[in-house]
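Have a look at the structure below, then the notes.
No lab work stands behind these numbers, since they all come straight from the coordinates. No experiment lies behind these values; they were computed from the predicted model shown.
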Amino acid sequence: MDRLPPWLRDVLTIEQARRWRVLAATPDETGERPIVAGRSALVALLRHRVCDELTFAAEGDPLLREPSTVCGLPVESLDDAVARVLAALPYATAAELPPLFGDLAAVERLTPLRVEEGLILLGLAYDHVDPAAVVDTFARAGDDYWLRRLPELRASLVNRGYVHRTPGGPPGARALTIGTDGQVWVPPHQRDGHEVGGYWRRR
């Protein structure tokens, strides 16, 4: 098994780094490998914390974009990972909520994607999940960041998730890297009849 690059080893515990290598080296009988998903995908994309448990998409889970391959394993897109985390909020226990909120705050800090846009993605991928119930969980965040954002999130339910921003990459934003793949800036546009703000995506 090939050694993982330093940037990936830095964001995985020793146990999860070994698990990544094993899974990347041993596809199933159909030649497929599990898709790294949700909070684990956010770690691989953002590199903002250490991941101590890899999670994977279940067979038949909806995907809005094709996964990218990172060190031998498919990793779901930022859009899909954010939609998955949002979909988990109404069902999370009090102990599970803080890490979920922390990862969503990292998304807003490190990328141009905002939860308001994530709610649109949520509707496209998980239309059985009530966006209002998702937004209501942010009242339980217990930190100033999400308490300040809560009125904006609630207002977005009326405006269907649109966040007005000037076109082009935000000042000082860094382009994310997924393994050796680059990222490109997608300017604001319409998706399925809804306005979507600009964001970084894989080439």
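For residue 69, list long-range residues whose amide hydrogen, built 1.01 Å from N in the peptide plane, is under 5 Å from its own amide hydrogen.
Those lying under 5 Å, H to H, from residue 69 are 75.
Using amide H atoms built in the peptide plane, which far-off residues or other-chain residues are under 5 Å from residue 56 H to H?
The answer is 37.
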